[in-house]
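These notes are about the structure you will find just below.
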Amino acid sequence: MAIENNDTYTHKGDCEIGCDEYTKVECVVYNESIPYLGLEAGASSKTIIDKLVQTVEYLQQQLNTIQLPTVPTNLVSSNITSTTVDLSWTLSIDNIGVVSYNIYKDNVLQGNTGTTSTSITGLITATPYSFTITALDVAGNESTASVPLIVTTL
């Protein structure tokens, strides 16, 4: 028996959706493929619903991985010399885990660390520098930069 869009037919036997032995079931069959769901023409309502549920679950998982880590806060300097400075900041948090921090000097990436402190070397005497920190999570998402900290070497 061919099933057309929105036909009702009598089903005899086991049914995946909890039918009695003889039950009239409305069956929607789509005659066009839905490529973004990976469905071919002729997919049943149940197949389409199952695929939509899988797609929603996948998208929810993807949304969880694009949450940015919190912005590193309380960036402070210590042990300032003519050529070095130590920086430290407050731990960032993230739904899937912060793994490291990028250190920027004058908006140029200087390096990366897995801790909440670092030493910057190779600076020039009596020169002001602007430092910012960003957090990176397991998925590679980078937070917004911290408030800049201006440090002038001795």
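Every number in this text was worked out from the coordinates using simple rules, so none of it is lab data. Note that the coordinates shown come from a computational prediction; the quantities given were computed from them, not determined experimentally. Quick reminder, even Gly has a Cβ in these numbers, built from the backbone with ideal geometry, and neighbours come from all protein chains shown.
Some observations on this one:
- Computed from the Cα positions only, the extents of segment 73-152 along the three principal axes stand at 41, 20, 18 Å, in decreasing order.
- Segment 147-153 - phi-based ³J(HN,Hα) in whole Hz, Karplus 6.51/-1.76/1.60, Gly and Pro as x: 4, x, 10, 8, 10, 10, 5
- Residue-wise HN-Hα coupling along segment 123-132, computed from phi with Karplus coefficients 6.51, -1.76, 1.60 (Hz; x: Gly, Pro): 7, 9, 3, 6, 10, x, 10, 10, 10, 9
- A simple packing score, the average count of other Cβ atoms within 10 Å per residue, orders the peptides 114-123, 93-102 as 93-102, 114-123, with the highest score first.
- Between residue 99 and 136, 137, 138, the built amide H atoms are under 5 Å apart, and every one of these is 5 or more places off in sequence or on another chain.
- Radius 12 Å from Cβ of residue 99, net charge of other residues (Lys, Arg +1; Asp, Glu -1): -3
- Applied to segment 77-89, the Karplus parametrisation 6.51 cos²θ - 1.76 cosθ + 1.60 on θ = phi - 60° returns per-residue 3J(HN,Hα) values of 10, 7, 6, 6, 10, 6, 9, 9, 8, 9, 10, 8, 7 Hz, with x for Gly and Pro.
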